[in-house]
Amino acid sequence: MKEIIDILVILLAAITSASLQLGTGTLLMLYHESLGRKIPQKTRRITWGYIFGAFLFSTLVLATTALIILVCNGNPLGENGLIVLVSLAIVVALLVLLFYYRKGRNTMLWVPDWIAKYLKKRAAKADSSAEAVALGIMTAFGELPFAVVLTIIAANSLLSLPRTLIIIALAGYAMIVIMPLIITKMVIKNGKNLVAIQKWRIENKMFFRVFTGVCYLVMAAFLVAFKIMGV
Amino acid sequence: MALIEKVKTRRRYSKAVAEEKIMTSRASKTKVKFSKKKLVAEILFEARVLNRHLGAAKIIAERVADEVETWASERSFITEDDITQVASKKIAKYDKDLAYIFKNRGKII
């Protein structure tokens, strides 16, 4: 039962992290810049590189966070640590609900201006797979202000799992995080253009906002119920 | 030839520059000349993104650029945003998706 709860926490953290939109936005930006300049074959390679970069960073940052918790604490975080994480999750939920998306009919996000500018610049200049991998890493890094709480919560639950399950959970977490990128890529491959995707994202902006915010709140409630109070 | 200002946010005119009929802004004070060639290239870039036939796209781009140039020549100063707005309206007569993507460049993240 304890393991199932930990797996559910990791699953919930991964779904919440996947619902953040910076990765998808940058992928569309990369498509836009790459298709405008290059042949589709090269664009395909570059976008796979980008997705691999996001996968790599998600895996590494989760593993590193778990290691840091283990080195600093010796064990998974106790009740006090979890209470801090729950509080942070609630704060981030409010930030997402109130500020994450900018006003207007666009999908611009409330990320630091220099990060958005840098990502746009790099997307325009990404010419090889290696640069695309770096862009994927940078994008995942840019999302950290919102995703760091999720990463710590997932890492904490990861440490409570048996060793055999840790690798599976780690890979599963990263796979779920990059799933929207793979789906977007498949949708483009099947003939939808950027305009259709972008219009769909704008139409469903409110849904994404509420979904992400509610996911954070559900996770906070889940942690309180099953990890802190131990129902 | 009209002078274009890179303006994205609020516009502001100082007394000195108003006399010279040059627009300035808080965002940027760079002045550039309207370039028909650049506008055609930008429209073709977006057409490639949407996988449009380049021959047809070139005809549309040149027509639109001609119309925008005529529009710009009647004004003493315009902004890049003005050009985007006017060009996207004119592109929309031929291709709505192309107009949409042209209008929303750089507004994804």
| message | Being of a type outside the set (A, V, I, L, M), in contact with a helix residue (DSSP H, G or I) (Cβ under 8 Å, 6 or more places away or on another chain) and within 14 Å of chain A (Cβ to nearest Cβ) is the filter here; which residues of region B:54-99 pass it? | response | B:84, B:88, B:95, B:97
| remark: Being touching a residue at least 40 places away in the same chain (Cβ under 8 Å) and closer than 12 Å to residue A:22 by Cβ narrows A:62, A:109 down to just A:109
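Could you check, for region A:150-168, whether at least one of its residues is of a type outside the set (Val, Ile, Thr), within 24 Å of residue A:47 (Cα to Cα) and in a helix (DSSP H, G or I)?
No, region A:150-168 contains no residue that is of a type outside the set (Val, Ile, Thr), within 24 Å of residue A:47 (Cα to Cα) and in a helix (DSSP H, G or I).
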| request: Considering (1) in contact (Cβ under 8 Å) with a residue 12 or more places away in the chain; (2) more than 14 Å from chain B (Cβ to nearest Cβ), say which one residue A:221 fails and leave the rest. | output: (1)
| query | Of all residues in region A:72-95, how many are in contact with a Gly (Cβ under 8 Å, 6 or more places away or on another chain) and touching a residue at least 12 places away in the same chain (Cβ under 8 Å)? | reply | 2
| task | Give the residue, chosen from A:151, A:184, that is surrounded by 14 or more Cβ atoms within 10 Å (Cβ to Cβ) and within 14 Å of chain B (Cβ to nearest Cβ). | result | A:184
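We did not get these values from a lab; they are worked out from the coordinates using the rules stated. It should be emphasised that the depicted structure is a prediction, and the values quoted were computed from it without experimental measurement. All Cβ positions, glycine included, derive from the backbone under ideal geometry; neighbour counts span all protein chains shown.
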